[in-house]
1. For a quick protection proxy, order the peptides 275-284, 150-159, 115-124 by their average other-Cβ count within 10 Å, most packed first.
2. How large is the Kirkwood hydrodynamic radius of region 1-125, counting all unique pairs of alpha carbons, in Å?
3. May I ask which residue of 70, 80, 58 lies farthest towards the positive end of the charge dipole of region 1-125, with charges of +1 (Lys, Arg) and -1 (Asp, Glu) on Cβ and the Cα centre as origin?
Amino acid sequence: MTGAMILFGSSLFFLYALPKNGPASALEHRWARPLLLKSAAAIFVACVASFLAQTIVLAGSLQDGLQLDALSAALTGMSFGKSSLVRAITAGLFIGAFALAGPGRRGWWIATLAGGVICVSFAWMGHGAATKGAAGLVHVSSDILHTFAASVWIGALVVFLILLASDGRDADLGRRIALHEALHGFSGVGSGLVAVLVATGLINSWFMVGLAGLPRMWTTTYGQLLTVKLVLFGVMVALAVANRFHLTPRLGAALPEHIPATGAVAALRGSLIWETGISVVVLGLVAWFGMLAPPSVF
């Protein structure tokens, strides 16, 4: 999931947040293309490995799980098999298309499209896919929007961290101005992302917990993990607010006067490291309670 979020969110960030041309554009950063290629390669390896592991578990043994009939049945008859196939094919096609596209914004668009398809494929494996009828369409759509919003946020965090990690004491002023503009511009996007995450989170909670499940929120493992996730999400929002209203203006104030911005950069770097680290924990929690029965089924 993390690789898909980087592939979608980071490539989209290159398109809307960084200059189209010049030394601060994504095209001039040597790490930009390898970041996306490595993410796609990681997605391919991970989906093949997870597919084989789940098939072996279902078959009951390593030998039975690696039989052609077992693999074929899982690939064509199980939702995890179909979604794994989509991810593997999409990642493989992306790597080839990205290489053929060469340096340019076309590559970022290809990465965004591929990342979006891969993100959508995860919805086939979630609880939303098990919801029937019109409600199921609402649930799955909410899951997809939730994943998209989280991917845009996490993809941006990864790019910001790399930009700040490469920002040394002698960093070019133009690059720091571009970094400040990207940070400032992302604040509006970030506000929208939080709104989407909260709205879709409430919709998903209605399906997964509901009014009847509220008393069991803190007595089931699912509810306890969901509570921890919500607390960590609140911490991430608080860090994002601090970045927006304190640390980003602090960096901007230093730029016009050519004041050394080392302290502001270090503070931003530390804050974003915490924000990214918490996001990784949140993704781990989601993967964990995604395999558990929600309070609504008790």
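Values quoted throughout were computed directly from the atomic coordinates according to the rules given, and no laboratory measurement underlies them. Keep in mind that what you see is a predicted model, and the values were worked out from it rather than measured. Cβ placement follows ideal geometry from the backbone for every residue including glycine, while neighbour counts extend to all protein chains displayed.
1. Values: 275-284: 16.2, 150-159: 24.0, 115-124: 22.1.
Taking the mean over residues of other Cβ atoms within 10 Å, the ranking is 150-159, 115-124, 275-284.
2. Details: mean 1/r = 0.0651 Å⁻¹.
The Cα-based Kirkwood calculation yields 15.4 Å.
3. 80
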